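Encoded as structure tokens, the structure appears first; notes follow it.
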Amino acid sequence: MLRHPDEMSGGIGPRNLSMRKKFIAGNWKMNTSSISAEMLASGVVKGLGSETRVDVAVCPPFPFLARVAQVVKGTHVALGAQNCYPKDEGAFTGEVSPPMLVDIGCQLVFVGHSERRQIFKETDAFINNKVHAALKAKLKVILCIGETLDERKANLTETVLDTQLTGSLANITSALLKNMVLAYEPVWAIGTGVNATPLQAQDAHAFVRNRVGQLCGESAAQSLIIQYGGSVKPDNAADLLCQPDVDGALVGGASLRPEDFLGIVRAGIR
Ligand code: PEP
């Protein structure tokens, strides 16, 4: 089960390059109903069984978190939220705080998903505030970064990743980084059916790990789980997950069917 390292010895993965444990997370986005969310979570729980060679999380919409929390309680499936607001409480109508997420059983939260950056105009500074607020509440953070198609075509991929990392990881120490996961998600691959090639993913992940090492410390960067996200399916997962710096997958569309999601999970088992 995936927990904040302060709560257990170890965290989600061992602390060296060769032993990073694969981590597959499902982003259900604004999909499911209370009934279908429960059924989907049950399917994942049953399919995963006692498997612990890979870490697994499901991330339902806010209204169904409490219900899914009951389904995954005591299993090897962790529960995550898709967003949070960077304050503990107060006059922020419609928002949800990190302590509230912990209260209903969440262990992790996404921050900086490209849909939040693009549709809701979230900046790296705001994302950085969320990272700190979520970590303070003892949630694990999956920080998402990635370039658009125009940026890739203009050879700006590394510049964009550098800017996003520098801004989103401001004042993140090596100790705090241990409670984080990064997700490299090229925007052009999200929901398009066009995934990055394994080589494109590996190149970006190696760049990200190197840059995180400069920002937060080399040792913490070597232990960091970096997921790839963008049209991961059961039939392309193994090729992506066998790349040396690809430590897991953040899965959107294919996380909505237990058999597809579990197919990706199985691809993560070496
Ligand atoms: C995502 O939402 O983070 C994602 C990667 O979606 P998809 O798998 O559908 O491309």
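The values are calculated or read from the model by the stated rules, or taken from the named source; none is laboratory data. This one's a predicted model, so the numbers in the text were calculated from it and none came from an experiment. Neighbour counts run over all protein chains shown; Cβ positions are idealised from the backbone, glycine included. Each accessible area value is taken on the protein alone, full model and side chains, heavy atoms only, with ligands, DNA and RNA left out. Shrake-Rupley method; radii C 1.70, N 1.55, O 1.52, S 1.80 Å.
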Task: Which numbered condition E89 fails, given (1) open to solvent by less than 30 Å² (accessible area, probe 1.4 Å); (2) farther than 18 Å from T173 by Cα - done: (1)
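Residues checked against (1) surrounded by 15 or more Cβ atoms within 10 Å (Cβ to Cβ); (2) without any contact (Cβ under 8 Å) to a residue 40 or more places away in the chain; (3) within 19 Å of C144 (Cα to Cα):
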site	(1), (2), (3)
S36	no, yes, no
G47	yes, no, no
V54	yes, no, no
V58	yes, no, yes
P63	no, yes, no
V68	yes, yes, no
H76	yes, no, no
Q82	yes, no, yes
TODO: Working carefully through the options S9, S97, find the one that is modelled with pLDDT of 95 or more, surrounded by fewer than 20 Cβ atoms within 10 Å (Cβ to Cβ) and farther than 18 Å from G253 by Cα.
DONE: S97
Open item on the list: Is it the case, given these coordinates, that T173 is out of contact with any helix residue (DSSP H, G or I) (no Cβ under 8 Å at 6 or more places or on another chain) and either open to solvent by 20 Å² or more (accessible area, probe 1.4 Å) or within 14 Å of the ligand (Cβ to nearest atom) (or both)?
Closed with: no
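One line per residue, one yes/no per condition, for (1) among the aliphatic types (A, V, I, L, M); (2) modelled with pLDDT of 95 or more; (3) assigned to a helix (DSSP H, G or I):
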{"site": "N155", "(1), (2), (3)": "no, yes, no"}
{"site": "T159", "(1), (2), (3)": "no, yes, yes"}
{"site": "L165", "(1), (2), (3)": "yes, yes, yes"}
{"site": "A175", "(1), (2), (3)": "yes, yes, yes"}
TODO: Evaluate the range 188-195: report whether one residue or more is closer than 17 Å to G112 by Cβ, within 16 Å of the ligand (Cβ to nearest atom) and in contact with a strand residue (DSSP E or B) (Cβ under 8 Å, 6 or more places away or on another chain).
DONE: yes
Task: Odd one out for L165 among (1) surrounded by fewer than 18 Cβ atoms within 10 Å (Cβ to Cβ); (2) away from the ligand (no atom under 15 Å from the Cβ) - done: (1)
- [ ] Give the residue, chosen from S231, S174, S219, S223, that is under 15 Å from the mean Cα position of the chain (by Cα) and within 26 Å of Q107 (Cα to Cα).
- [x] S231
- [ ] May I ask you to say which residue of D235, D150, D203, D245 is at pLDDT 95 or above, crowded, with 19+ Cβ neighbours inside 10 Å and of a type in the set (D, E)?
- [x] D245
Open item on the list: Given the criterion closer than 26 Å to E51 by Cα and among the hydroxyl-bearing types (S, T, Y), identify the matching residue among T123, T75.
Closed with: T75
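Listed here are the residues, each with its yes/no results for (1) surrounded by 22 or more Cβ atoms within 10 Å (Cβ to Cβ); (2) among the small types (G, A, S).
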site	(1), (2)
L108	yes, no
N128	no, no
H132	no, no
L169	yes, no
G193	no, yes
G213	no, yes
TODO: Could you tell me which of the residues A201, A206 is farther than 19 Å from S231 by Cα and either outside any loop (DSSP other than H, G, I, E, B) or free of Cβ contacts under 8 Å to residues at least 12 places away in the same chain (or both)?
DONE: A206
Task: Positions within the range 219-264 being β-branched (V, I, T), away from the ligand (no atom under 12 Å from the Cβ) and either in a loop (DSSP other than H, G, I, E, B) or over 20 Å from A81 (Cβ atoms) (or both), in sequence order - done: I226, V246
